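Note sheet for the following structure.
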Amino acid sequence: MERGRVATIGFFDGVHRGHRFLIDTVRRVAAERGMDSLIVTFAEHPRSVLQSDYVPELLTSPEEKTALLAESGVDRVEMMHFSDQLSRLTAKQFMQDVLRAEYDVRVLVMGYDHQFGHGGGTLSQYEAWGAETGIEIIKAEAMPDTYVSSSECRRLLGEGDVDGAASLLGHPYVLRGRVVPGHHVGHELGFPTANLQPHRHKLIPCRGVYAVYAVLDDGHTFKGMLNIGERPTIDNSTNVTIEVNLIDFDGNIYGRDVTLRFVSYIRKEARFSSRQELVDQIRRDRARVLSLL
């Protein structure tokens, strides 16, 4: 006989500590009821489907989010595509046609400030719709002591506060990208860099120099000095580049994927009066990175 499932719904961008508190509630209720736990999330940001001009700045790509949710210990993660058709479903229709019919959800744990379905609803309305569709509604409590939100994580990263963001996320912020040809300026300066092209909707932290760990697609990890910026001393371009110098690495990694784990913000982007002054600062940056990693 089918066990049934305890589920929750959300976009879960970043899979931060607040999300994990909610997921822990789902797992606890599932264990108490002898059911399986299920997370229902979406590959596309709902607002980007509803507003064609909206460009999200994501803390996690769909692949990163799926991996983090799977690591939370739930029995199943369902990544749905948020479509215009799906956006037209009322909460009752979504509960009846998707949660109950497709995933055999018997209990739905709702985040303390969460709504879903076209038109939304109040808690009492969700409870009434749940009663009609065979789904018990449980309102989760807010995480005590600390308010955590994806918006606050974005704000901190926008200021370069990767330590603060990691504290809210419960894990380091990561930026994954493919190594693409650059301008070879770093090599000319004596600090060769890999130029990364990240997921098109991932949030890029504020411009400046960072200490990072760089994980290659074969699992090898290197200490890294990362620069996000326009290279104002070199070419005065307005194109923001993401260039990482892999310390103690010598090889060709064009076309390969690299994951950057942010550790600390070193300094903001600056213009220097000469290339030599820039090189001298890069040497100081490198020493600082090595002291932190």
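The values are calculated or read from the model by the stated rules, or taken from the named source; none is laboratory data. Not measured: the values here are computed from a predicted model. Cβ coordinates were reconstructed from backbone atoms using ideal geometry, including for glycine residues, and neighbour counts include every protein chain displayed.
When residues in the range 133-175 are screened for being modelled with pLDDT under 95 and among the charged types (D, E, K, R), 3 of them pass.
With respect to residue 160, determine if the residue is free of Cβ contacts under 8 Å to residues at least 60 places away in the same chain and not aromatic (Phe, Trp, Tyr). Here the answer is no, as residue 160 does not meet what is asked.
Quick check, is residue 55 in contact (Cβ under 8 Å) with a residue 12 or more places away in the chain and surrounded by 15 or more Cβ atoms within 10 Å (Cβ to Cβ)? The answer is no for residue 55.
Residues in the range 237-293 that are loosely packed, with under 12 Cβ neighbours inside 10 Å and among the polar types (S, T, N, Q): 238, 239, 252, 273, 274, 276, 291. Evaluation of residue 38 against the conditions (1) under 21 Å from the mean Cα position of the chain (by Cα); (2) modelled with pLDDT under 95; (3) surrounded by 14 or more Cβ atoms within 10 Å (Cβ to Cβ) shows that the sole unmet condition is (2). Taken over the range 134-165, the criterion of being outside any loop (DSSP other than H, G, I, E, B), out of contact with any Phe, Trp or Tyr (no Cβ under 6 Å at 6 or more places or on another chain) and small (Gly, Ala, Ser) is satisfied by 150, 151, 158, 164. Listed conditions (1) of a type in the set (Val, Ile, Thr); (2) under 15 Å from the mean Cα position of the chain (by Cα); (3) surrounded by 20 or more Cβ atoms within 10 Å (Cβ to Cβ) are all met by residue 23, apart from (2).
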